[in-house]
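The block underneath contains the structure these notes are about, expressed in structure tokens.
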């Protein structure tokens, strides 16, 4: 199929010079190619919701475009042109994306150019005035290399529906009842966004009226599900699955027909021509492809021994990858959008950054300062005997009794007991005349951390029956030495004592 034939049918099928009503949808061969078939996303979703309806303000009807991510739309230039000269500016209408209307930020509009000649081609890139938050929208990968010939493709756009029944023509293009030289469909009516199957038949460069553009093309085949573009499909997407990931490899611009083909028809053997995005990916990247970091949690102070998470939100094209750095050194395993330190220690206090990469570039965040409070003696004690535990979780929690001896970790720390051994209850009781003497030894670490100790007594063990009006109630010295609390024996038959630990 020659470029001359390509130019010949522009006025018939591309939707540039037509003044007809807005009729739409990629046409699909076979009995299932009408009604609601192919109008919902397949289970292996290539990016169905990303195909947009773009209003052609000059001609007054909706055509197509593809949402790349971060608010950016890629479409054929001719559908957002201000005139037919091919050198004019832009004229934007609304963009309908997954059922929601958006305005365009016209100041962002860029006409894509040939990487060698720098002449404009039939592609335009522009950003919506509001970045969508629709969870159905994907961030697409734009192909870096052209798919191999005969690769399977998916085509989707917003062009005219086809008639329900197959038409056959003889070699003179006269309709006949049985099988003929040509077979295909007349255009129908109604609208829907529709996808269908294609296959890469080859590549070429041609001028579709809006600049010499490098195209890849797919042929309409006599196979159920085979796709053919029609009026309104300009700007629609051509998708290719490379290994396990979908890519956007083309933007539909025009179609090629057969000599003598009747107007407003799709015939087996016709071609769909789409701008080969691998040719233009560098410019697409320079305008919109480098990842943008939208949110990075600010600097923070972590409590020693607790979990802390650093996280980033970013947008870009295709699959994003992450690498976290600590003082400019890459962190092994820090390759997700968030980086968690399970138990922060003094050595974790540092300057952190994250580098976000997509297939076209990379962005490094500003510095994220993490401060870690100095550890207390209790922190160090806990990590020595119960690594990974916190004050409220794990076998080293304050209230835990890992040896089931009835003595909590906090009591053992505060009184210098060995947490790996079953503990006797701390303190001794002696009698001195008419007084009771309760002697206990606060640990040096507990004293240094600001712990205080209270000896309480009760004659009944009832709720609200505990008192602490005892002589020598405070802590004497720097810890590690015995402290004695003195109190009368009382007049009752019994008196109970307990040591209360007051953690700062």
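The values are calculated or read from the model by the stated rules, or taken from the named source; none is laboratory data. Remember, predicted model here, so these are calculated numbers, not experimental data. Neighbour counts run over all protein chains shown; Cβ positions are idealised from the backbone, glycine included.
Just one of (1) at positive phi; (2) in contact (Cβ under 8 Å) with a residue 24 or more places away in the chain; (3) surrounded by fewer than 18 Cβ atoms within 10 Å (Cβ to Cβ) fails for residue 243. It is (2). Of the strands (runs of 3 or more DSSP E) entirely within region 242-285, those holding at least 3 residues that are under 14 Å from residue 202 (Cα atoms) and modelled with pLDDT of 90 or more occupy 245-256, 271-276. Selection of region 204-232 for residues being closer than 24 Å to residue 47 by Cα and within 33 Å of the chain's Cα centre (by Cα) yields 214, 215, 216, 217, 218, 225, 226, 227, 228, 229, 232. At least 3 residues being surrounded by fewer than 18 Cβ atoms within 10 Å (Cβ to Cβ) and on the phi < 0 side of the Ramachandran plot is the threshold, and among the helices (runs of 4 or more DSSP H) wholly inside region 359-469 those reaching it are 377-385. Tell me whether region 170-184 contains one or more residues that are assigned by TED's automatic domain parsing to the domain that holds residue 143 and under 21 Å from residue 251 (Cβ atoms). There is no residue in region 170-184 that is assigned by TED's automatic domain parsing to the domain that holds residue 143 and under 21 Å from residue 251 (Cβ atoms).
Kindly check whether there is at least one residue in region 72-92 that is assigned to a strand (DSSP E or B), farther than 23 Å from residue 273 by Cα and modelled with pLDDT under 95.
no
Taken over region 152-185, the residue count meeting the criterion of being surrounded by fewer than 17 Cβ atoms within 10 Å (Cβ to Cβ) and within 25 Å of residue 53 (Cα to Cα) is 2. Scanning region 194-221 for residues that are at pLDDT 95 or above and either in a loop (DSSP other than H, G, I, E, B) or not assigned by TED's automatic domain parsing to the domain that holds residue 145 (or both) turns up 220, 221.
Every listed requirement among (1) surrounded by fewer than 24 Cβ atoms within 10 Å (Cβ to Cβ); (2) at pLDDT below 90 is met by residue 289 save one, (1). Taking the criterion of being assigned to a strand (DSSP E or B) and more than 22 Å from the chain's Cα centre (by Cα), the residues of region 305-329 that qualify are 326, 329.
Taken together, the residues in region 65-122 that are within 19 Å of residue 137 (Cα to Cα), without any contact (Cβ under 8 Å) to a residue 60 or more places away in the chain and touching a helix residue (DSSP H, G or I) at 6+ places or on another chain (Cβ under 7 Å) amount to 1. The set of residues in region 293-304 being at pLDDT below 80, assigned to a strand (DSSP E or B) and either surrounded by fewer than 16 Cβ atoms within 10 Å (Cβ to Cβ) or in contact with a helix residue (DSSP H, G or I) (Cβ under 8 Å, 6 or more places away or on another chain) (or both) consists of 294, 295.
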